[in-house]
Amino acid sequence: MATSRTDWLDEGLDVLAHEGADGLRIDRLASRLGVTKGSFHHHFAGAAGYRAALLEHYERLTLQALDAAVGARSEQGTRATLEWLVELATDERSSIRRAELDRAVRAWANADPEARATQARIDARVIELLQSAWRPASESDAAARTAALVPYLVSLGAAVTVPPISATELRAVYELLLGAVPGSGRD
């Protein structure tokens, strides 16, 4: 079976989500894909090159999904955009966020500068998008940033809570936060 570079990267994201960065071993990945290690070396210049490519792949997929989700709703106003983001954040089938993968990359970022830089760029983009969603309902950029931080920090806390916070509970928390959005009928 011929494997593409993307096959290796997608498999790596799955391994990362379930086994952490320590599970990213060439022999394990090759076995999971049913190919030889030679296939790996056809696409990547060693383990370090693979890890760098994996982080780039993760960042690209994450930001593409996020930009598409927010871009599709941004013209509908703050509340509509935030309601859509709640849907995406609490739908376990959503391509916008895989909690186990997010946790794994954040754990990896604690020990690896490249993973830390990747996570920092993703966090900055998420906060920027949330801030832009909140801006029309806020008196200033600073107030919009503060408003953006609240749901983001809630999502990060929910992602690392053991046992995990259920989608139903997380949705209830977000609904409480949405009550503060002008036009919600709850102000």
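The values are calculated or read from the model by the stated rules, or taken from the named source; none is laboratory data. Keep in mind that what you see is a predicted model, and the values were worked out from it rather than measured. Note that each Cβ is placed from the backbone with ideal geometry, even for glycine, and that neighbours are counted across all protein chains shown. With ligands, DNA and RNA removed, areas are computed over all heavy atoms of the protein, side chains included. Shrake-Rupley method; radii C 1.70, N 1.55, O 1.52, S 1.80 Å.
Open to solvent by 60 Å² or more (accessible area, probe 1.4 Å) and of a type in the set (A, V, I, L, M), is that true of residue 147? Give the derivation first.
On the way: open to solvent by 60 Å² or more (accessible area, probe 1.4 Å): no; of a type in the set (A, V, I, L, M): yes.
It is false that residue 147 is open to solvent by 60 Å² or more (accessible area, probe 1.4 Å) and of a type in the set (A, V, I, L, M).
Residues being closer than 18 Å to residue 63 by Cα, without any contact (Cβ under 8 Å) to a residue 40 or more places away in the chain and not acidic (Asp, Glu): count how many of those fall in the stretch 126-148. Show your work before the answer.
Keep residues of the stretch 126-148 that are closer than 18 Å to residue 63 by Cα, which gives 126-133, 148.
After this cut, where a residue has to be without any contact (Cβ under 8 Å) to a residue 40 or more places away in the chain as well, the list is 127-128, 131, 148.
Those still in the list that are not acidic (Asp, Glu) too: 127, 131, 148.
Adding up the residues that qualify gives 3.
Give me the residue from the stretch 1-45 that is more than 21 Å from residue 108 (Cβ to Cβ) and not in a helix (DSSP H, G or I) and, out of that set, most open to solvent (accessible area, probe 1.4 Å).
Within the stretch 1-45, the match that is most open to solvent (accessible area, probe 1.4 Å) is 1.
Residue by residue, here is whether (1) farther than 21 Å from residue 117 by Cα; (2) among the hydroxyl-bearing types (Ser, Thr, Tyr) holds:
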{"position": "6", "(1), (2)": "yes, yes"}
{"position": "12", "(1), (2)": "no, no"}
{"position": "20", "(1), (2)": "no, no"}
{"position": "24", "(1), (2)": "no, no"}
{"position": "27", "(1), (2)": "yes, no"}
{"position": "31", "(1), (2)": "yes, yes"}
{"position": "37", "(1), (2)": "yes, no"}
{"position": "46", "(1), (2)": "no, no"}
{"position": "50", "(1), (2)": "no, yes"}
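Against the definition (surrounded by fewer than 18 Cβ atoms within 10 Å (Cβ to Cβ), of a type in the set (A, V, I, L, M, F, W, C) and in contact with a helix residue (DSSP H, G or I) (Cβ under 8 Å, 6 or more places away or on another chain)), how does residue 48 come out, yes or no? Don't jump to the end; show me each part of the working.
On the way: surrounded by fewer than 18 Cβ atoms within 10 Å (Cβ to Cβ): yes; of a type in the set (A, V, I, L, M, F, W, C): yes; in contact with a helix residue (DSSP H, G or I) (Cβ under 8 Å, 6 or more places away or on another chain): no.
Judged against the criteria, residue 48 is not a match.
Got a sec? Which of 90, 118 is touching a Lys or Arg at 6+ places or on another chain (Cβ under 7 Å), within 23 Å of residue 58 (Cβ to Cβ) and not hydrophobic (A, V, I, L, M, F, W, C)? Talk me through it step by step, then tell me what you get.
On the way: 118 fails: touching a Lys or Arg at 6+ places or on another chain (Cβ under 7 Å).
None of the other options fit; the residue is 90.
Mind listing whichever residues of the stretch 151-166 are more than 20 Å from residue 62 (Cα to Cα) and either open to solvent by 60 Å² or more (accessible area, probe 1.4 Å) or at pLDDT below 85 (or both)? Reasoning before the result, please.
Our first condition is that a residue be more than 20 Å from residue 62 (Cα to Cα); within the stretch 151-166, this holds for 161-166.
Correct list: 162, 163, 164, 165, 166.
Residues in the stretch 112-125 that are in contact (Cβ under 8 Å) with a residue 40 or more places away in the chain and either more than 21 Å from residue 148 (Cα to Cα) or open to solvent by 20 Å² or more (accessible area, probe 1.4 Å) (or both): how many?
So in the stretch 112-125, the residues in contact (Cβ under 8 Å) with a residue 40 or more places away in the chain come out as 112, 114-115, 118, 121-122, 125.
Going one step further and asking which of them are either more than 21 Å from residue 148 (Cα to Cα) or open to solvent by 20 Å² or more (accessible area, probe 1.4 Å) (or both), we end up with 112, 114-115, 121, 125.
Summing the residues that are in contact (Cβ under 8 Å) with a residue 40 or more places away in the chain and either more than 21 Å from residue 148 (Cα to Cα) or open to solvent by 20 Å² or more (accessible area, probe 1.4 Å) (or both) in the stretch 112-125 gives 5.
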